[in-house]
1. Among PRO301, PRO343, PRO330, which is the only one that is open to solvent by less than 60 Å² (accessible area, probe 1.4 Å), within 22 Å of VAL88 (Cα to Cα) and in a loop (DSSP other than H, G, I, E, B)?
2. Quick check on this structure: which one of ALA289, ALA245, ALA200 is over 11 Å from the mean Cα position of the chain (by Cα), under 19 Å from SER338 (Cβ atoms) and either of a type in the set (S, T, N, Q) or open to solvent by 10 Å² or more (accessible area, probe 1.4 Å) (or both)?
3. Within the set of pairs 6 or more residues apart or between chains, which connect a residue that is farther than 23 Å from ILE90 by Cα inside the stretch 121-147 to a residue that is among the polar types (S, T, N, Q) and assigned to a loop (DSSP other than H, G, I, E, B) with Cβ atoms less than 7 Å apart?
4. Considering each of VAL67, VAL111 in turn, give the residue that is at pLDDT 95 or above and either open to solvent by less than 60 Å² (accessible area, probe 1.4 Å) or in a loop (DSSP other than H, G, I, E, B) (or both).
5. Would you pick out the residues in the stretch 308-344 that are under 20 Å from ILE267 (Cβ atoms), within 16 Å of ligand 2 (Cβ to nearest atom) and in contact with a Lys or Arg (Cβ under 7 Å, 6 or more places away or on another chain)?
6. Given the criteria open to solvent by less than 10 Å² (accessible area, probe 1.4 Å) and not basic (Lys, Arg), does VAL95 qualify?
7. With the checklist (1) open to solvent by 10 Å² or more (accessible area, probe 1.4 Å); (2) away from ligand 1 (no atom under 12 Å from the Cβ) in hand, flag the one item THR185 doesn't pass.
8. Of all the residues that make up the stretch 122-171, how many are among the acidic types (Asp, Glu), outside any helix (DSSP H, G or I) and open to solvent by 30 Å² or more (accessible area, probe 1.4 Å)?
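The values are calculated or read from the model by the stated rules, or taken from the named source; none is laboratory data. Bear in mind that the values here come from a model prediction, so they are computed numbers and not experimental data. Virtual Cβ from ideal backbone geometry, glycine too; neighbours counted across all protein chains shown. Calculation scope for accessible area: heavy atoms of the full protein, side chains included, ligands and nucleic acids excluded. Shrake-Rupley method; radii C 1.70, N 1.55, O 1.52, S 1.80 Å.
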Amino acid sequence: MVVVMAPEATQTDVDTIVDLVRTAGGEAFVSRGVARTIIGLVGDIEQFGTLNLRSRTGVGDVVRISVPYKLVSRENHPSRSVIKVGGVPIGPGTVTVIAGPCTVETPEQTVAAARMAKAAGASLLRGGAFKPRTSPYAFQGLGEAGLKILAEVRAETGLPVVTEVIDPASVDLVCSYADMLQVGTRSMQNFTLLQAVGSAGKPVLLKRGMNATIEEWLMAAEYIAQRGNLDIVLCERGIRTFETATRNTLDISAVPVAQRLSHLPVIVDPSHSGGRRDLVLPLSRAAIAVGADGIIVDVHPEPAAALCDGDQALVDSDIRELAAVMSTMPQLMGRTLSQAPQPVTVG
Ligand code: PEP
Ligand code: MN
């Protein structure tokens, strides 16, 4: 951290800052220029935060040199992490496809979507049982009945389940069925939810808030990590811009930026970003080409009858093309496609 003194700062102002820092257990190195004096601070940066340095007399600016997210940053953990979900790896070396319906509607619809997902190359099944809908009049999800359907479909297909949790009170319930907890774009700054999933002992898929900067997204991940859970996968799902042709604007550069700043895997949601079926394949290719560790895609056996997000769901006729992308593009990027575990056979 560097304190830049204002041009009119006096020697007493400089001495006050140096004393404050030393009393807080840090070191302060004063460097005098022709117009300005700067003070370099070494020590516990969080401790310096309590000194209110910016509001002290004679201080012009306080500049942070290290990143504010420690546990998820590459400063302290240079190599990129691989997170396992039900044995399926997400991270460098592989491309992982998560696919399934936006929301669980019926056992038949979910199993049909899971079969489409598998045929497309997916190794994890997505599906919402608790849906954070913009309108209170829209379908809110089946709740626990939906989680039960997901668990049945996992047993039948072998695909581990990724599903959203929208409030701290239902974390235990969702954990009892899910292999990975999804925190959605609308919940990215629900700090009590982040802490609850951080304590839950399950991998977390953390979507980027639609209005969040990359730093805010990584600070949200830090909340989870701070509770002892580093099994976090970041998901870029589009941000709000002035553009109306797409539902959100996929911030493709967020993928390499987040991968450079954080050791956590980064995947892309080409469905919720574009909000249009015809964009899902192009955005999936773009995601893999930019180096994403995977994608999460909506598929539905009958999108016209879908209770949520039918416009962006891939249909049967798209699956062959997605499978073709998945059988070629990971190798071009020096990766392999993550494979689904075998279904558990009872008997
Ligand atoms: C979802 O994946 O079902 C979802 C609601 O996504 P997002 O939070 O990105 O809108
Ligand atoms: Mn959706």
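1. PRO343
2. Only one candidate passes the filter, namely ALA289.
3. Final answer for the pair search is LYS131/GLN140; ARG133/GLN140.
4. VAL111
5. GLN312, ALA313, LEU314
6. The answer is yes for VAL95.
7. (2)
8. Counting residues in the stretch 122-171 that are among the acidic types (Asp, Glu), outside any helix (DSSP H, G or I) and open to solvent by 30 Å² or more (accessible area, probe 1.4 Å) gives 1.
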